[in-house]
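The values are calculated or read from the model by the stated rules, or taken from the named source; none is laboratory data. The shown structure was predicted, so the numbers you read here are calculated from the model rather than taken from an experiment. Note that we place each Cβ from the backbone using ideal geometry, even for glycine, and neighbour counts take in every protein chain shown.
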């Protein structure tokens, strides 16, 4: 039986699917169509997708002039690494032995946290040490967590015993303005900026959340499951499949897609002027294999444009990768690399030094 013709609704179709136009032409036309189908070559199969580049080692060009950089590295014990000379010297006054060490900058001043182990997955409160170059280290006492404050100071989570803790601001000179305010011992300090103090509550637990607070009052300014970074008056939030940038003064929020679909964002680091955010994308099983891959992207915060750093992705143990920015806007990358890698946004290649820092360096670095 015939049926409607979806291209020409006014006609009907016979059993062969050919419009009925009279007996004299229907059969010859059917024969023509069958002949044409028999002689027309099949369409070529679509070309297979181009294979993804196999991640390899990071490559770059040697420095054209001295960098003038020194890096504080959280080795055990920590060292100050001269990038141009390729030499490292220990920091006098830091507790010796196999300890859990991290470094960060409070403004321009490097700070070390050094904690003794109390078990396989346990560390004691850390000694917080100001490590100004060419000066003896200065202890600020012990804390469960530490992070940079606005001005020449740090924020500390002090342990008062019996599971009681407090949040306290301490100047790099060691001066304490007051005793601080009560805080959960499970609070981790991220750092302070013009918009407030960024902390993580219930740190290390599945229900951990990031909170921006007014440090003087404790009032919550913004809260989210994960705030990737704070840059000036903007927060970059990590969501399930995308990022969003929140402008705190206006409340405007813009969503941006992740630069690549696979992998998970690692610790992001904002440039000192707040223009850029370096975001490592970490893939522990590249293409469902055993290769661990780092893909480093930089988000231009004014335009919300992603910049892929050169030679990425690379096969590396990304847990050992660490990032910081110089004051002039150069991104510094250390890790399982042939040297120290330097990159300025817009450059076509990395600058890669001939000598890598010594020892296992952890996942933090501070440019001195």
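Applying the condition of being out of contact with any strand residue (DSSP E or B) (no Cβ under 6 Å at 6 or more places or on another chain) and surrounded by 11 or more Cβ atoms within 10 Å (Cβ to Cβ) to the range 261-276 and asking which residue is nearest to residue 293 (Cα to Cα) yields 267.
For the range 50-69, the candidate set comprises residues that are assigned to a strand (DSSP E or B) and closer than 22 Å to residue 319 by Cα; within that set, the residue that is modelled with the lowest pLDDT is 56.
Quick grid of which residues meet (1) surrounded by fewer than 19 Cβ atoms within 10 Å (Cβ to Cβ); (2) modelled with pLDDT under 95; (3) closer than 21 Å to residue 158 by Cα:
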| site | (1), (2), (3) |
| --- | --- |
| 76 | yes, yes, no |
| 85 | yes, no, no |
| 97 | yes, yes, no |
| 100 | yes, yes, yes |
| 113 | no, no, yes |
| 127 | no, no, yes |
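For the range 272-314, the strands (runs of 3 or more DSSP E) that sit wholly inside it and include 2 or more residues that are in contact (Cβ under 8 Å) with a residue 60 or more places away in the chain are 293-300. Set side by side, the residues 362, 335 differ, and just one is buried (at least 22 other Cβ atoms within 10 Å of the Cβ), modelled with pLDDT under 95 and within 16 Å of the chain's Cα centre (by Cα), which is 335. Scanning the range 340-359 for residues that are modelled with pLDDT under 95 and either crowded, with 20+ Cβ neighbours inside 10 Å or assigned to a strand (DSSP E or B) (or both) turns up just one, 357. Filtering the range 328-339 to residues that are in a loop (DSSP other than H, G, I, E, B) and touching a strand residue (DSSP E or B) at 6+ places or on another chain (Cβ under 6 Å) leaves 330, 339. Being more than 22 Å from residue 55 (Cβ to Cβ), free of Cβ contacts under 8 Å to residues at least 60 places away in the same chain and either part of a strand (DSSP E or B) or under 12 Å from the mean Cα position of the chain (by Cα) (or both) is true of residue 254. Considering the conditions (1) over 18 Å from residue 141 (Cα atoms); (2) in contact with a strand residue (DSSP E or B) (Cβ under 6 Å, 6 or more places away or on another chain); (3) in a loop (DSSP other than H, G, I, E, B), residue 95 is excluded by exactly one of them, (1). When the strands (runs of 3 or more DSSP E) confined to the range 110-185 are screened for residues that are within 26 Å of the chain's Cα centre (by Cα), those reaching at least 3 such residues are found at 126-130, 145-148, 153-159. Residue 303 fulfils the conditions (1) out of contact with any helix residue (DSSP H, G or I) (no Cβ under 6 Å at 6 or more places or on another chain); (2) at pLDDT below 95; (3) surrounded by fewer than 21 Cβ atoms within 10 Å (Cβ to Cβ) except for a single criterion, (2). Among residues of the range 67-91 that are at positive phi and without any contact (Cβ under 8 Å) to a residue 24 or more places away in the chain, those with a Cβ under 8 angstrom from a residue that is in a loop (DSSP other than H, G, I, E, B) and surrounded by fewer than 18 Cβ atoms within 10 Å (Cβ to Cβ), sequence gap 6+ or separate chain, pair up as 68/84.
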